[in-house]
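Some notes on the structure that comes next.
The values are calculated or read from the model by the stated rules, or taken from the named source; none is laboratory data. Keep in mind the model is a prediction, meaning the values are calculated, not measured. Cβ sites come from the backbone with ideal geometry, for glycine too, and all protein chains shown count toward neighbours. Ligands, DNA and RNA are stripped out before the accessible areas are found, and what is left, the full protein with its side chains, is counted by its heavy atoms. Shrake-Rupley method; radii C 1.70, N 1.55, O 1.52, S 1.80 Å.
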Amino acid sequence: MKTKITLILFAVCFQMFAWGPTGHRVVGEIAERHLTKKARKKVKAALEGESLAMCSNWMDFIKSERSYDSLSSWHYVTIPSLDKYHHEGELKGDVIQAIDRFIRELESKEYSVDEKFALRCLVHLVGDIHHPLHVGNGEDRGGNQVKVKWFGRKTNLHRVWDSDIIDNQKISYTEYANWINVTEKDQVAKWQEASIMTWVEESISYRESIYDLPEEGKLGYRYNYDHIEQVNLRLVQAGIRLAGVLNQIYG
Ligand code: ADE
Ligand code: ZN
Ligand code: ZN
């Protein structure tokens with residue numbers, strides 16, 4: 001019983017780590033829709049039938065498991081400004097290094113754990129790196145330390161971006177994917193050509209406007225209105241780029 005409570009508390013404390021469940025599922029669902037036939041078949045086999053949407057949150061679900069503690073630094077990276085990429089993750093690893101590593105593992109088929117682990121991690125982390133506050137400025141743990149209110153409820157800026165805005169749309173992940181997956185073919189190709197460091201630079205470029213908060217940090221309809229397009233752009237870009245990476249690996 002005691003262990004169970006500790007585990008629950010632990011999970012609650014650390015749920016501030018990534019796009020929330022719906023955000024990650026949207027990324028997985030959009031990626032799935034942009035896979036080639038061949039890649040879809042191979043990915044499905046590797047995931048033993050699980051969809052990209054449903055495997056996308058696994059990295060968060062295992063956070064309360066002590067044996068996976070070493071994975072916690074892989075969800076984000078700290079880059080105060082473009083000329084200052086803190087290699088705090090040099091030993092522990094950050095989201096850039098982790099993505100790079102899993103792409104290499106999947107291409108070479110030389111796995112540190114196995115193919116399913118590499119895929120689940122890659123699906124999750126391509127989502128995280130597109131979350132502008134997962135490329136942190138080094139001052140506030142990616143906005144986790146910025147206390148705000150969301151429609152009167154206490155939260156923090158990081159969580160507003162992980163899940164509060166997305167959940168506020170009150171639609172399922174498939175409905176969400178239908179809503180935002182409306183990209184022209186040449187746009188898809190352009191997004192898929194961009195390098196991982198470009199994904200990072202884009203996240204940094206969005207950071208400043210995210211911190212444009214009203215007095216007393218009372219967020220609601222206005223903040224939603226001002227930022228929903230940014231949220232949706234990052235989700236759809238992440239999905240399309242994940243498909244691009246997987247098509248390259250499995251195509
Ligand atoms: N912890 C420290 N920096 C972080 C970030 N940018 N995102 C999530 N967790 C963090
Ligand atoms: Zn994460
Ligand atoms: Zn987060």
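Numbers below:
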{"read-out": "The lone exception for Asp167 - which of (1) more than 16 Å from Trp19 (Cβ to Cβ); (2) open to solvent by 70 Å² or more (accessible area, probe 1.4 Å); (3) part of a helix (DSSP H, G or I) it fails", "value": "(1)"}
{"read-out": "Residue within region 53-65 that is farther than 24 Å from Leu233 by Cα, open to solvent by 40 Å² or more (accessible area, probe 1.4 Å) and either assigned to a helix (DSSP H, G or I) or of a type outside the set (Lys, Arg) (or both) present", "value": "yes"}
{"read-out": "Counted residues, region 99-110 - those being within 14 Å of ligand 2 (Cβ to nearest atom) and without any contact (Cβ under 8 Å) to a residue 24 or more places away in the chain", "value": "1"}
{"read-out": "Residue that is at pLDDT 95 or above and either surrounded by 16 or more Cβ atoms within 10 Å (Cβ to Cβ) or within 13 Å of ligand 1 (Cβ to nearest atom) (or both), where the choices are Gly152, Gly143", "value": "Gly143"}
{"read-out": "Checklist (1) among the charged types (D, E, K, R); (2) touching a residue at least 24 places away in the same chain (Cβ under 8 Å); (3) loosely packed, with under 15 Cβ neighbours inside 10 Å applied to Glu208, failing item", "value": "(2)"}
{"read-out": "Residues being away from ligand 2 (no atom under 16 Å from the Cβ), open to solvent by 20 Å² or more (accessible area, probe 1.4 Å) and not charged (D, E, K, R) - total across region 71-98", "value": "7"}
{"read-out": "Restricting region 21-36 to residues that are open to solvent by 10 Å² or more (accessible area, probe 1.4 Å) and within 14 Å of ligand 2 (Cβ to nearest atom), the residue that is farthest from Asn144 (Cα to Cα)", "value": "Arg25"}
{"read-out": "Output for region 56-70, where each listed residue is touching a residue at least 40 places away in the same chain (Cβ under 8 Å) and over 13 Å from Val126 (Cα atoms)", "value": "Trp58, Asp60, Lys63, Ser64"}
{"read-out": "Options Asp100, Asp114, Asp94: the member that is in contact with a strand residue (DSSP E or B) (Cβ under 7 Å, 6 or more places away or on another chain) and over 30 Å from Glu215 (Cβ atoms)", "value": "Asp94"}
{"read-out": "Filter pass, Tyr221 being away from ligand 2 (no atom under 16 Å from the Cβ), open to solvent by 80 Å² or more (accessible area, probe 1.4 Å) and hydroxyl-bearing (Ser, Thr, Tyr)", "value": "yes"}
{"read-out": "Residues of region 66-110 satisfying the condition of being acidic (Asp, Glu) and not in a helix (DSSP H, G or I)", "value": "Asp83, Glu88, Asp94, Glu110"}
{"read-out": "Within region 111-146, tally of residues that are touching a residue at least 60 places away in the same chain (Cβ under 8 Å) and either more than 16 Å from ligand 2 (Cβ to nearest atom) or not in a helix (DSSP H, G or I) (or both)", "value": "11"}
{"read-out": "Residue match in region 20-30 (condition: within 16 Å of ligand 1 (Cβ to nearest atom), at pLDDT below 95 and either in a helix (DSSP H, G or I) or within 27 Å of Asn232 (Cβ to Cβ) (or both))", "value": "yes"}
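Conditions tested, residue by residue: (1) more than 25 Å from Gly244 (Cα to Cα); (2) over 19 Å from the mean Cα position of the chain (by Cα).
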site	(1), (2)
Thr36	no, yes
Asn57	no, no
Tyr68	yes, no
Trp74	no, no
Asp83	yes, yes
Lys92	yes, no
Cys121	no, no
His131	no, no
Arg141	yes, no
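Per-residue answers, yes or no, for (1) within 19 Å of the chain's Cα centre (by Cα); (2) assigned to a helix (DSSP H, G or I):
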{"residue": "Trp199", "(1), (2)": "yes, yes"}
{"residue": "Tyr206", "(1), (2)": "yes, yes"}
{"residue": "Leu213", "(1), (2)": "no, no"}
{"residue": "Ala238", "(1), (2)": "yes, yes"}
{"residue": "Leu242", "(1), (2)": "yes, yes"}
{"residue": "Leu246", "(1), (2)": "yes, yes"}
{"residue": "Ile249", "(1), (2)": "no, yes"}
